[in-house]
Amino acid sequence: MQGMSVDDWVSHEPTSEWEVMMKKVAEFHHKHDFAGKNGHDMGYRIALTVEELGELSAAITKGKPIEECAEEMADILILLMGHSIAMKIDLKAAFEKKYHRIMQRKALTGRLGVRVTEYQSE
């Protein structure tokens, strides 16, 4: 699942909405030279993701307006797309492969709600 680098995405002519979005994220990385300023370090990027998840969680649990929740979700999506650029992973291909797998799974209902997983409770 080889993806494209920042430079590859910046010079790429998009053929789908997904590619337009990926190119925008790559242009953001290019503008701020993430690759040259340690912005592609995955330890750092995962820490940022945890921070953004916390902001989404706080927006939801504090009953913030839906627009604020949407903004926090967008931050997470942009970060995940950026992770795929940093790691040169074809995120769309990974999504399609994973989607196919999860559609074959059965749902389990536990104390906290429904979960679709390969995990089997004991």
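If Lys23 meets every condition in (1) in contact (Cβ under 8 Å) with a residue 24 or more places away in the chain; (2) surrounded by 15 or more Cβ atoms within 10 Å (Cβ to Cβ) apart from one, which number is that one?
Of everything listed in (1) in contact (Cβ under 8 Å) with a residue 24 or more places away in the chain; (2) surrounded by 15 or more Cβ atoms within 10 Å (Cβ to Cβ), Lys23 misses just condition (1).
Go through the range 75-112 residue by residue and tally those that are in contact with a helix residue (DSSP H, G or I) (Cβ under 6 Å, 6 or more places away or on another chain), among the β-branched types (Val, Ile, Thr) and within 16 Å of Gln2 (Cα to Cα).
The qualifying residues number 1.
Mind checking whether some residue in the range 68-80 is within 18 Å of His30 (Cα to Cα), over 11 Å from the mean Cα position of the chain (by Cα) and either surrounded by fewer than 12 Cβ atoms within 10 Å (Cβ to Cβ) or not aromatic (Phe, Trp, Tyr) (or both)?
The answer is no; no qualifying residue exists.
Readers should treat all values here as calculations from the given coordinates under stated rules, not as data from a laboratory. Since we're looking at a predicted model, the values are computed, not measured. Glycine also receives a Cβ, built like all others from the backbone with ideal geometry; neighbour counts cover every protein chain displayed.
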